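We did not get these values from a lab; they are worked out from the coordinates using the rules stated. Treat the numbers as computed from the prediction; the structure is a model and nothing was measured. Note: ideal-geometry Cβ built from the backbone for every residue, glycine included; neighbour counts use all protein chains shown.
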Amino acid sequence: MTAFPPGFFDRTDDTDDNEFYAFDRFVTHIDEGAIAAVGALYTELELTGDVLDLCSSWISHFEASPATMTALGMNGAELEANPMATSHVVHDLNADPVLPFAHDSFDAVTCCVSVDYLTRPLEVFADVTRVLRPRGQFVCSFSNRCFPTKAIRGWLRTDDQGHCEIVATYFREVDGFDEPTVQHRNPGAPGDPLYAVWASLL
Ligand SMILES: C[S@@+](CC[C@H](N)C(=O)[O-])C[C@H]1O[C@@H](n2cnc3c(N)ncnc32)[C@H](O)[C@@H]1O
């Protein structure tokens, strides 16, 4: 079923993610221009309803707060400090890729600069289709840096275009999404590049 070779989802540091993320990181992982590009995309896609932000932290990059935003990530202090979050949950998607939410809970799901840390992405993407409402959108965005010991091997072994292909393949491998859109959102920008791959429920 899978398009990915053995070892693709392995990581250098395969210790429990709770250990790595126990340390608070109140930092930005992309520069201001890339953050603005994420916010502009969310506005363009009209992510204004009930949103789930996967692999979230203290910042979610929306230009305006959606109606509700549930922040799911690994560090409770960071999630607690997220000003856009109306609720938050600490949940390890690598230990348990089933999202702790009912069917049809969200209008949109986002995942910013984090899809490369998922070791069971097909299970997560499949469960996103369960929690999304009809025509709901799943938006993944990423740049060109990461915590290398925690990123999957397949991600580290390719380039920006390869990363876009990996994420597009995740969408195509699970049932329920339409054909993903793949875009470089800030071509020519002097700082961090920002790529996005997104699709809607069929
Ligand atoms: C590079 S940070 C990005 C944070 C935020 N999305 C942003 O745009 O700044 C990676 C995030 O992924 C989350 N994360 C890493 N591994 C995870 C896992 N196994 N399950 C859930 N979240 C995870 C961490 O809590 C961390 O907040």
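Here are a few things to note about the model shown:
- Using Cβ point charges alone (K and R +1, D and E -1), the dipole size of the chain about the Cα centre works out to roughly 240 debye.
- Each residue of segment 39-51 is assigned a 3J(HN,Hα), and the resulting list reads x, 5, 5, 4, 5, 4, 7, 6, 7, 10, x, 8, 10 Hz, derived from the Karplus form 6.51 cos²θ - 1.76 cosθ + 1.60 (θ = phi - 60°), x at Gly and Pro.
- Considering only the chain, percent of DSSP beta bridges that pair antiparallel, nearest 5: 40
- Computed [θ] at 222 nm, helices only, for the chain once each DSSP H run of length n ≥ 4 contributes -39500 (n - 2.57): -7000 deg cm²/dmol
- Counted by Cβ distance under 14 Å from Ala126, the other residues give a net charge of -2, where Lys and Arg count +1 and Asp and Glu count -1.
- Cβ-based exposure ranking for Thr48, Thr12, in which fewest neighbours within 10 Å come first: Thr12, Thr48
- Each residue, Thr149 and Ala77, gets one label point 7 Å from its Cα in the Cβ direction; the gap between the two is 1.9 nm.
- Relative contact order (percent, whole number), segment 1-94, Cα cutoff 8 Å, 6+ residue spacing: 24
- Backbone HN-Hα couplings from phi across segment 134-148 [Karplus 6.51/-1.76/1.60, Hz, Gly and Pro as x]: x, 6, x, 10, 10, 10, 10, 10, 6, 10, 10, 10, 6, 7, x
- Label point distance in nm, Asp104-Ala67, each placed 7 Å from Cα along Cα→Cβ: 1.4
- Table column - 3J(HN,Hα) (Hz), segment 175-190, Karplus curve with 6.51, -1.76, 1.60, x for Gly and Pro: 7, x, 9, 7, 4, x, 8, 10, 9, 8, 8, 9, x, x, 5, x
- For the chain: relative contact order, % (alpha-carbon pairs under 8 angstrom, 6 or more apart): 22
- Positive minus negative residues near Leu52 (Lys, Arg vs Asp, Glu; Cβ under 13 Å): -3
- A simple charge model with +1 on the Cβ of Lys and Arg, -1 on the Cβ of Asp and Glu and nothing else charged puts the dipole of segment 1-113 at about 100 debye relative to its Cα centre.
- Footprinting exposure proxy ranking of Cys112, Cys55, Cys146, Cys140, fewest other C-beta atoms within 10 angstrom first, gives Cys146, Cys55, Cys112, Cys140.
- Amide H contacts under 5 Å for Ala71, placed H, 5+ residues apart: Asp53, Thr86, Ser87, His88, Val89
- Segment 1-77-segment 133-202 distance, computed between alpha-carbon centres (Å): 12
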